[in-house]
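Everything on this sheet refers to the single structure shown next.
The values are calculated or read from the model by the stated rules, or taken from the named source; none is laboratory data. For clarity, every value in this text was computed on a predicted model and none was experimentally measured. Reconstructed Cβ throughout: ideal geometry from the backbone, glycine too, with neighbour counts over all protein chains shown.
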Amino acid sequence: MTEHEFTLADRIAKIQSINEQFDLENNAYVSFSGGKDSTVLHYLIDEALPGNKIPRVFINTGIEYKLILKFVKEMASKDDRFVIWTVGKNIKETLNSVGWPLKSKEHSQKVYEWKQGCRSKSHLKYFRQLPEAYSQCPKILMYQIEPDFNLKISHRCCIEFKKKPIKAYMRESGRKITLTGMMKAEGGQRSTLNCIVTDKDGKLKKFHPLAICSNEWEDWYIEHKGIKLAELYYPPYNFKRSTCCLCPFSLDLQSQLDTLEQVLPEEKKRGEWLWKPVFDEYRRVGYRLRKEEPEQPTLFD
């Protein structure tokens, strides 16, 4: 047995064990984004629990890439376990009201809370008011806590367009266990991801079967099972991940814009329109996007 085969056997056994303990069939749903990880999880659960009726729930926020939505709809047309839950909120009106995402969830939340008057030790460290902070606000963005900075920034984008809708689905369906395709290998906050998350009473709240899996294992499983992913993962697009369309939290945002200019110009145009206040700010200060250069006067000016 190869290492990849051993990991597969281990994950199947883990899913079956958790199912025996918590009855996933009747109590769980799969958080299905249409991306690589959740697609792998969809097939892995079917391999571990043949004939299962666990719903695959896709939150249609209106911010996804159109090729992701197309892929999900194709899956749903062949499999009645797929649920497409439409948010139905005006995106720009909502973001103008609750605040725009900028840099990262941590940064957006801390700017929002600072503007609300929070001066906790973690906030003081992040905004360089105290020394020896592990994570600090980039100096180029420090101006955003000043009183005269008027763009409303917050972490609430994901709350409004993902967390609230999925909570509504959970209330309506009665399914309280979330299965996700999240992996520690993604790094960042997910590097400390636990495979199972329970409440204080020991009830299972979240189950991440792929938590311990490597990217190499995931690629092997896709090839081993002949899994078809969304078109975004193939030429000419060659996406590695599929977040919301041009999410302002993306570290390689400029590269994404350059790519979309070539292969998906309409998606680029939509993203530029949607995130305009944030992109304008990025470009103004030269953070994450190329800094706007002033127009050079012509010979006749």
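Quick test for you: out of 46, 37, pick the one residue that is in the same structural domain as residue 216 (by TED's automatic domain parsing), in contact with a Ser or Thr (Cβ under 9 Å, 6 or more places away or on another chain) and modelled with pLDDT of 95 or more.
37
Hey, among the residues in the range 249-272 that are farther than 22 Å from residue 70 by Cα and surrounded by fewer than 15 Cβ atoms within 10 Å (Cβ to Cβ), which one's nearest to the chain's Cα centre (by Cα)? Ranking the candidates gives 251 first.
Yes/no per residue for (1) hydroxyl-bearing (Ser, Thr, Tyr); (2) farther than 29 Å from residue 24 by Cβ; (3) assigned by TED's automatic domain parsing to the domain that holds residue 32; (4) touching a Leu at 6+ places or on another chain (Cβ under 9 Å):
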site: 200; (1), (2), (3), (4): no, no, yes, no
site: 203; (1), (2), (3), (4): no, no, yes, no
site: 209; (1), (2), (3), (4): no, no, yes, yes
site: 222; (1), (2), (3), (4): no, no, yes, yes
site: 256; (1), (2), (3), (4): no, yes, no, yes
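Among residues of the range 273-296 being in contact (Cβ under 8 Å) with a residue 12 or more places away in the chain and in a helix (DSSP H, G or I), the one that is nearest to residue 64 (Cα to Cα) is 274. In summary, residue 220 fulfils each of the numbered conditions (1) surrounded by fewer than 19 Cβ atoms within 10 Å (Cβ to Cβ); (2) at pLDDT 95 or above; (3) out of contact with any His (no Cβ under 7 Å at 6 or more places or on another chain) with the single exception of condition (3).
Here's the yes/no breakdown for (1) modelled with pLDDT under 95; (2) not small (Gly, Ala, Ser):
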| residue | (1), (2) |
| --- | --- |
| 135 | yes, no |
| 164 | no, yes |
| 174 | no, no |
| 185 | yes, no |
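A count restricted to the range 179-196 and to residues that are surrounded by 19 or more Cβ atoms within 10 Å (Cβ to Cβ) and touching a Ser or Thr at 6+ places or on another chain (Cβ under 6 Å) stands at 2. The sole residue among 54, 84, 12, 59 that is surrounded by fewer than 21 Cβ atoms within 10 Å (Cβ to Cβ), in contact with a helix residue (DSSP H, G or I) (Cβ under 9 Å, 6 or more places away or on another chain) and not in a helix (DSSP H, G or I) is 84. When the range 119-172 is filtered for residues that are among the small types (Gly, Ala, Ser), within 22 Å of residue 88 (Cα to Cα) and surrounded by fewer than 14 Cβ atoms within 10 Å (Cβ to Cβ), only 168 remains.
Remark: residue 141 falls outside the filter, which requires a residue to be touching a helix residue (DSSP H, G or I) at 6+ places or on another chain (Cβ under 8 Å), farther than 24 Å from residue 279 by Cα and of a type outside the set (Lys, Arg). Specify the residue that is nearest to the chain's Cα centre (by Cα); the eligible residues are those in the range 151-209 that are among the acidic types (Asp, Glu) and part of a helix (DSSP H, G or I). Of everything passing the filter in the range 151-209, 186 is nearest to the chain's Cα centre (by Cα). Restricting attention to the range 197-213, and to residues there that are among the hydrophobic types (A, V, I, L, M, F, W, C) and more than 16 Å from residue 32 (Cα to Cα), which single residue is surrounded by the fewest Cβ atoms within 10 Å (Cβ to Cβ)? Among them, the one singled out is 197. Of all residues in the range 38-48, those satisfying the criterion of being out of contact with any helix residue (DSSP H, G or I) (no Cβ under 7 Å at 6 or more places or on another chain) and either of a type outside the set (Ser, Thr, Tyr) or not in a helix (DSSP H, G or I) (or both) are 41, 42, 46.
Only a single item in (1) in the same structural domain as residue 225 (by TED's automatic domain parsing); (2) out of contact with any Leu (no Cβ under 9 Å at 6 or more places or on another chain) is not met by residue 58, and it is number (2). Against the numbered list (1) among the small types (Gly, Ala, Ser); (2) in the same structural domain as residue 41 (by TED's automatic domain parsing); (3) surrounded by fewer than 16 Cβ atoms within 10 Å (Cβ to Cβ), residue 286 comes up short only at (2).
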